[in-house]
Amino acid sequence: MNEREAIDLLKHYRHRYANFLQLIISYAQLGKLDVVQEKAADLIKIMGEDQRFHNLPLPKTIVTILQLNSEKSGLEWTPIVDCEKSPITDDQQVSEIINEIHQHINEQTMNLSVYHGTITFQQKKSEPFKLLFVCEGNFQEKNQMIAGLVKIDRIEIEEATNEKLSFNWTAHE
């Protein structure tokens, strides 16, 4: 990543917080202090979740997700950290898997609408590292989507409907 790309990434990230603050200020000006408190609590929660994500020892993966979210492809990921201990996995491999999954979903949906997904980074004490994906949107071609995803090494489909897709990837032990 060059300097310009890094700056653009930071701008996108900063813009997200600025939108939240603007919303809080608007409610404050309207005198809706109960909503201000609720939105401020939401912002604090999001900032805590972001901090847990950014503290993962997976710098390539973190940058990959931030870049994917900033490219306005129609699919945005929310990372969730569920780790009982520090993740034991190959950062490069995790980054590549996430990128491959993102590209596959984008190709299948053809950016027809906005999709929201979560990626849970899961490291239990006595289990291999896992990525748990949940994606919501309009998956009219779900069979084609599933066929492509299962070609990716170690992908296991958990649920597939026209509105929701959940699957996981497990690292080698």
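Setting aside same-chain residues fewer than 8 positions from Lys130, which lysines have a Cα under 29 Å from its Cα?
Straight-line reach from Lys130, under 29 Å: Lys45, Lys60, Lys72, Lys85, Lys142, Lys151, Lys164.
Calculate the translational D of segment 8-89 in whole µm² s⁻¹ from Stokes-Einstein, where the hydrodynamic radius comes from the Kirkwood formula applied to all Cα pairs, the temperature is 10 °C and the viscosity 1.306 mPa s. Please report the intermediate quantities before stating the final value.
Values: Rh = 14.5 Å.
Approximately 110 µm²/s, per Stokes-Einstein.
Enter the angle in degrees (range 0 to 90, nearest 10) between the Cα long axis of helix 59-70 and the first principal axis of the Cα atoms of the chain, meaning the one along which they spread out most.
Here the helix axis deviates by roughly 60 degrees.
All other residues with a Cβ under 10 Å from the Cβ of Leu23 taken together, and with Lys, Arg as +1 and Asp, Glu as -1, what is their net charge?
0
How do Met145, Met1 line up, fewest other C-beta atoms within 10 Å first?
Met1, Met145
Taking other Cβ within 10 Å of each residue's Cβ, how do Ile105, Ile24 sort, fewest first?
Least crowded to most crowded, the residues run Ile24, Ile105.
What is the local net charge at Asn99, summed over the other residues whose Cβ is closer than 12 Å to its Cβ (Lys, Arg +1; Asp, Glu -1)?
Combined, the nearby Lys, Arg, Asp and Glu give -2.
Per the helix-only calculation at 222 nm, which mean residue ellipticity applies to the chain, given -39500 (n - 2.57) for every DSSP H run of n ≥ 4 and division by its residues, nearest 500 deg cm²/dmol?
Numbers: 5 runs with 89 residues, N = 173.
Mean residue ellipticity, 222 nm, calculated: -17500 deg cm²/dmol.
Per residue of segment 16-26, in order, report the coupling 6.51 cos²θ - 1.76 cosθ + 1.60 (Karplus, θ = phi - 60°) as ³J(HN,Hα) in whole Hz, putting x for Gly and Pro.
Per residue, the Karplus-derived 3J(HN,Hα) values read 4, 5, 4, 4, 4, 5, 4, 5, 4, 4, 4 Hz.
If I take R0 = 25 Å and measure r between the Cβ atoms of Arg154 and Asn2 in this structure, what FRET efficiency does the formula 1/(1 + (r/R0)^6) give, to the nearest 0.05?
FRET efficiency, Arg154 to Asn2: 0.15.
Given that compact globular proteins tend to follow 2.2 N^0.38 Å, what is the ratio of the alpha-carbon Rg of segment 96-173 to that value?
This ratio for segment 96-173 stands at 1.08.
Which net charge results when you count Lys and Arg as +1 and Asp and Glu as -1 among the other residues whose beta-carbon is under 12 Å from that of Leu9?
0
Divide the volume of the convex hull of the Cα atoms of segment 1-55 by its number of residues and quote the answer in cubic angstrom per residue.
Per-residue hull volume (Cα only) is 57 Å³.
Here, each number is a calculation from the coordinates, and none is a lab measurement. The model shown is predicted, which means the values in this text are computed figures rather than measured ones. All Cβ positions, glycine included, derive from the backbone under ideal geometry; neighbour counts span all protein chains shown.
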